[in-house]
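Heads up, the thing below is written out as structure tokens.
The values are calculated or read from the model by the stated rules, or taken from the named source; none is laboratory data. This one's a predicted model, so the numbers in the text were calculated from it and none came from an experiment. Positions of Cβ are backbone-derived with ideal geometry, glycine not excepted, and every protein chain shown enters the neighbour counts. Heavy atoms of the whole protein, side chains included, go into the accessibility calculation; ligands, DNA and RNA do not. Shrake-Rupley method; radii C 1.70, N 1.55, O 1.52, S 1.80 Å.
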Amino acid sequence: MRSLALVISLLAAPVTAHEFWIEPTAYQVDGDMNLEAHIVNGQEFKGVRLSYLPQRFVNFVLFGSDTSAKVDGRPGDLPALQQAPIAEGLNIVAYQAKNATVDYETWAKFQGFVDHKDFGDVLSVHEARELPLDGFTEVYSRHAKSLIGVGDATGADRRVGLETEIVALTNPYTDDVTAGFTVQVYYRNDLRADTQVEVFERAPDSTVSISLHRTNAEGIATFPVQPGHEYMVDAVVLREPSDQLAERTGAVWETLWANLTFAIPQ
């Protein structure tokens with residue numbers, strides 16, 4: 001498996017993209033405790049905490065064992081998730097945000113995003129589609145998950161129906177992680193081979209480091225983890241929007257962001 005051991009310090013060159021993630025107030029809880037988690041938009045584990053607002057999401061669901069339940073909050077709730085666990089063991093929180101748009105005044109700004117997410121030669125495709133190099137729109141959606149251990153935290157992550165999704169093949173709360181943590185990346189029903197995976201690691205002292213990895217032919221990537229650290233895994237799909245979506249939003253490109261958060265116990 002190829003991996004770019006590119007560890008970037010928090011003070012490295014600024015990242016052009018902004019992540020969107022689920023951040024539990026505690027990654028492991030007793031069975032009689034509520035789950036609490038923030039929905040956060042920002043970068044490098046710093047951002048704005050968003051309240052529970054149904055008009056902002058398509059789905060907000062809790063999975064555990066062989067069952068699931070919608071996250072049932074009140075508008076304005078902060079944290080956005082305040083709910084009893086769905087079951088003993090590993091609980092999976094999933095959130096799909098509604099589409100939003102961003103405008104690019106120049107190609108250079110979009111190219112910085114393309115380079116950072118390693119999408120390849122998008123400029124040639126952009127020009128072949130006879131699109132303007134200045135003043136165009138991207139539409140994007142967020143597909144976030146988080147793993148919370150309840151009680152003994154046993155169980156396994158699984159696909160929960162997001163259009164693009166990161167599945168943990170390791171249980172962070174029960175498995176031996178000395179050889180690393182393994183994830184598998186999907187787009188619809190396809191495995192995303194040779195795809196960049198960005199891993200954000202937050203230490204107990206709140207310093208953040210970033211490493212870039214690539215999936216193998218089975219869409220699998222493995223990266224090192226440390227006890228007491230929190231992790232956010234990110235992978236992005238770039239595609240042409242459907243005719244209907246392009247007409248509705250004016251966008252010429254569409255991105256779908258997959259994100260997964262978890263922590264490694266001390």
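Given a Förster distance of 41 Å, report the FRET efficiency between Glu247 and Asp32 from their Cβ-Cβ distance, rounded to the nearest 0.05. Please list the in-between numbers first.
On the way: r = 51 Å, r/R0 = 1.24.
Calculated value: 0.20.
Show Ser141, Ser51, Ser68 ordered by accessible area, largest first, where the area counts protein heavy atoms only and the probe is 1.4 Å. If you can, show how the numbers build up before the last one.
On the way: Ser141 5, Ser51 35, Ser68 65 Å².
Largest to smallest exposure gives the sequence Ser68, Ser51, Ser141.
Shape analysis of the range 202-243 based on the Cα gyration tensor places the equivalent ellipsoid semi-axes at 28, 15, 7 Å, largest first. Computed over the alpha-carbon pairs of the range 177-266, the distance histogram in 10 Å steps reads 16, 40, 26, 14, 5, 0 percent, short to long. Bridging of Lys117 to lysines at a Cα separation below 19 Å is possible for Lys109, once same-chain residues fewer than 8 apart are set aside.
Using a probe radius of 1.4 angstrom, the carbon and sulfur fraction of the accessible surface of the chain is 48%. Charge tally for Ala84 (other residues, Cβ to Cβ under 14 Å; Lys, Arg +1; Asp, Glu -1): -4. Taken per residue, the accessible surface of the chain reaches 46 Å², heavy atoms only and a 1.4 Å probe. With a cut-off of 8 Å between alpha carbons and a minimum separation of six or more residues, what is the relative contact order of the chain in percent? About 21 percent, as a whole number. Each Lys and Arg Cβ is given +1 and each Asp and Glu Cβ -1; about its Cα centre, the range 195-244 then shows a dipole of about 120 debye.
Translational D (Stokes-Einstein, µm²/s) of the chain at 25 °C and 0.890 mPa s when Rh comes from the Kirkwood sum over C-alpha pairs? Don't skip to the end; give the middle numbers.
Working: Rh = 19.1 Å.
Stokes-Einstein gives a translational diffusion coefficient of 129 µm²/s.
Given Cα positions, please report Rg to Rh for the range 116-266, the hydrodynamic radius being the Kirkwood one. Before the final figure, lay out each step's value.
Details: Rg = 17.5 Å, Rh = 16.9 Å.
For the range 116-266, the value is 1.03.
Pick out, from Thr222, Gly151, Leu50, the residue whose Cα sits farthest towards the positive end of the charge dipole of the chain, with +1 on the Cβ of Lys and Arg and -1 on the Cβ of Asp and Glu. Highest projection toward the positive end goes to Leu50.
Summarising the amide proton neighbourhood of Asn59: residues at separation of 5 or more, or on other chains, whose placed amide H is nearer than 5 Å comprise Gln96. Given a Förster radius of 51 Å and the C-beta distance between Asp134 and Arg214 as r, what FRET efficiency does 1/(1 + (r/R0)^6) yield to the nearest 0.05? Efficiency for this residue pair is about 0.95.
Think of each Lys and Arg Cβ as +1 and each Asp and Glu Cβ as -1; about the Cα centre, that makes the dipole of the range 62-124 roughly 200 debye. Within the shell of other residues whose beta carbon sits under 15 angstrom from the beta carbon of Val48, the net charge comes to +1, with Lys and Arg scored +1 and Asp and Glu -1. The length gained on full extension between Lys70 and Val125, counted as 0.36 nm times the residue separation minus their Cα-Cα distance, comes to 15.8 nm.
With a Förster radius of 22 Å, plug the Cβ-Cβ distance of Lys46 and Gln266 into 1/(1 + (r/R0)^6) and report the FRET value to the nearest 0.05. Don't jump to the answer; show the numbers that get you there.
Details: r = 23 Å, r/R0 = 1.04.
According to the calculation, E is roughly 0.45.
Compute the distance in nm between two label points, each set 7 Å from the Cα along the Cα-to-Cβ direction, one at Thr178 and one at Asp190. In this crude label model, Thr178 to Asp190 measures out at 4.0 nm. Accessible area of Lys117 (1.4 Å probe, protein heavy atoms only, ligands and nucleic acids ignored): about 10 Å². Our note on the geometry: Cα centres of the range 17-42 and the range 170-219, 18 Å apart. Close amide H pairs (under 5 Å, H built 1.01 Å from N) link Glu19 with Gly42, Gln43, Glu44, residues at least 5 positions away or on another chain. If you fit an axis through the alpha-carbon atoms of helix 107-116 and take the longest principal axis of the Cα set of the chain, what angle between them do you get, 0 to 90°, nearest 10? So the inclination is approximately 40 degrees.
Taking every protein chain into account, the 1.4 Å probe leaves Ile264 with about 10 Å² of accessible area, to the nearest ten. Taking the Cα centre of the chain as origin and assigning +1 to Lys and Arg Cβ atoms and -1 to Asp and Glu Cβ atoms, the resulting dipole is close to 260 debye.
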